[in-house]
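Only the coordinates and a few stated rules stand behind these numbers; no lab work does. What you are looking at is a predicted structure, and each value in this text was computed from that prediction instead of being measured. Quick reminder, even Gly has a Cβ in these numbers, built from the backbone with ideal geometry, and neighbours come from all protein chains shown.
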Amino acid sequence: MILSPTQHQILRVLIEHEKVSMKGIAKELSINPSTVSRNFRPLIESGFVVKTEELAPGSQGGRKTSLFSVNPSKFFVGGIGIEQNRLMGVVIDVRGNPVHTFEKHEDLTGSNFLPALLETMKTILRKYRSIIGISIGMPGIIQNGEVIVSSAIKIENLELANLIEKSIGLKSIVLNDANAAVVGSSYRRKNVVYFLLSVPYYLNLPVGIGAGLWLEDRLYEGSKGAAGEFEEHTLPPILDEPLNIDETNLKLLPFKVFSELLEKLISISSFVAYLFDPEALVFGGDIVLFPDIFVKELEKEIRKRLQKRRISETEILFDEKGLWTTAFGAARAFWKKIVRDYEFAQEVIRLVKE
């Protein structure tokens with residue numbers, strides 16, 4: 001099927017509404033009902049769209065009104081969130097509902113990264129043959145599907161989206177993990193900043209941080225698509241000794257060991273809140289590893305600073321889903337790109353047809 005611009009707009013309305021009539025679509029798109037009707041048949045014949053119900057005529061009589069929806073079981077998208085030694089995957093339907101989640105533990109750094117990732121994708125595709133694309137959320141500076149550098153994964157200058165497309169024959173997008181996470185957490189909010197914390201394996205190394213920006217109901221990736229990643233050493237280490245995270249429970253450490261990290265994190269997040277005035281600041285990733293007193297102090301001190309600037313209505317939220325949010329957000333970002341980018345949608349359909 002060759003998707004016309006009008007059909008693309010019709011699909012957008014159908015995806016954004018649980019069910020809608022042709023008349024409702026025509027009204028929302030400000031086009032003639034006959035134009036909607038003419039473009040509708042190919043969508044139904046291809047399985048994109050299904051009729052869900054018929055409404056009885058009103059008191060004045062007339063025809064029944066048919067309501068339509070996108071077919072939730074026709075197409076799926078996979079999202080994969082990646083850390084150094086773990087990946088998590090989510091398969092979602094066109095409504096954004098998760099239908100399958102999986103987790104895999106193995107070394108994903110350096111030369112291990114690409115073979116492990118591609119094998120995981122092929123496993124997903126064997127189970128869900130109706131997947132039309134797979135999206136990745138991973139640490140690093142990402143630009144137009146290329147991993148410029150990822151110090152966590154120990155790779156650089158890798159044209160990952162192109163390699164995935166050649167390997168599995170489907171469209172792929174690659175996002176910085178904080179950008180993916182903010183898409184996964186931004187329901188019903190138009191402006192969100194998502195701080196993704198990453199505790200290193202050795203606790204004498206700096207804690208990593210990324211910031212995903214959801215502004216005016218869209219993901220902001222920067223002028224060249226490389227936004228989301230802070231400079232290395234933005235946050236200090238937790239410990240001076242080279243203890244590792246496997247043998248150390250952060251929740252049992254004395255609060256004083258977090259003082260420098262806490263002060264720096266408060267300063268950074270408050271500055272970003274002043275700059276963007278978001279509806280919500282969200283802290284996710286490895287925030288779940290820290291003791292409750294750390295989280296409470298973080299919220300309290302940020303709140304104090306925001307009150308001084310009279311923007312105290314900003315929500316301060318803590319996402320405990322970790323890598324799942326990154327995986328889910330990556331998949332959700334793929335659907336959003338289909339809805340908003342006609343050329344991308346065309347390319348997705350072309351590859352699926354092949």
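Listing for the model above:
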| quantity | calculated |
| --- | --- |
| Segment 187-321: antiparallel DSSP beta bridges as a percent of all, rounded to 5 | 55 |
| Estimated FRET transfer efficiency when R0 is 56 angstrom, pair ASN204-GLU313 (beta carbons, to 0.05) | 0.90 |
| Qualifying lysines (Cα of each under 26 Å from Cα of LYS300; at least 8 residues distant if same chain) | LYS190, LYS251, LYS256, LYS264, LYS308, LYS321 |
| Model label zone, ILE268; criterion: amide N under 13 Å from point 7 Å along Cα-to-beta-carbon; scope segment 171-187 | 178 |
| Dipole-positive endmost among LEU11, ILE238, VAL90 within the chain (Cβ charges, Cα centre) | LEU11 |
| Fluctuation leader among GLN307, GLN143, GLN84 - the chain, Gaussian network, Cα springs under 10 angstrom | GLN307 |
| Nitroxide proxy distance, nm - points 7 Å out along Cα→Cβ at PHE230 and ASN249 | 2.7 |
| Ranked list, fewest to most other Cβ atoms within 10 Å of each Cβ, for TYR201, TYR342 | TYR201, TYR342 |
| Residues of segment 200-214 with amide N under 20 Å of a point placed 7 Å along Cα→Cβ from VAL257 | 200-209 |
| Normalised convex hull volume, segment 5-70, alpha-carbon set, Å³ per residue | 88 |
| Per-residue Cβ neighbour rank within 10 angstrom, fewest leading, PHE255, PHE334, PHE113, PHE40 | PHE255, PHE40, PHE113, PHE334 |
| For the chain, built as a Gaussian network whose Cα springs stay under 10 Å, the top-fluctuating residue of GLY78, GLY47, GLY210 | GLY47 |
| Extended-chain gain in nm, criterion 0.36 nm per residue less alpha-carbon gap, GLU216 and ASN162 | 16.5 nm |
| Positive-pole candidate from LEU351, PHE328, PHE318, dipole of segment 308-354, charges at beta carbon | PHE318 |
| Over the chain, relative contact order from alpha-carbon pairs under 8 Å, at least 6 apart, % | 18 |
| HIS8, HIS233, HIS17 arranged by Cβ crowding within 10 Å, fewest neighbours leading | HIS233, HIS17, HIS8 |
| Within segment 108-215: Cβ-based charge dipole about Cα centre, in debye rounded to nearest 20 (Lys, Arg +1; Asp, Glu -1) | 540 |
| Reachable lysines, given that their alpha-carbon falls under 22 Å from the alpha-carbon of LYS166 and they are not under 8 places away in the same chain | LYS122, LYS127, LYS337, LYS353 |
| Cβ-Cβ FRET estimate between PHE344 and SER151, R0 fixed at 35 Å, reported to 0.05 | 0.75 |
| Total charge dipole magnitude, segment 224-342, about the Cα centre, Cβ charges on Lys, Arg, Asp, Glu only, Debye to nearest 20 | 700 |
| Positive-pole candidate from ILE173, PHE76, GLY225, dipole of the chain, charges at beta carbon | PHE76 |
| Calculated [θ] (222 nm, deg cm²/dmol) that DSSP helices of n ≥ 4 give over the chain, each run adding -39,500 (n - 2.57) | -11500 deg cm²/dmol |
| Length added when fully stretched, LYS300-GLU45, from 0.36 nm per residue minus Cα-Cα | 86.2 nm |
| Förster radius 35 Å - calculated FRET efficiency between GLU279 and LYS64, Cβ distance, rounded to 0.05 | 0.25 |
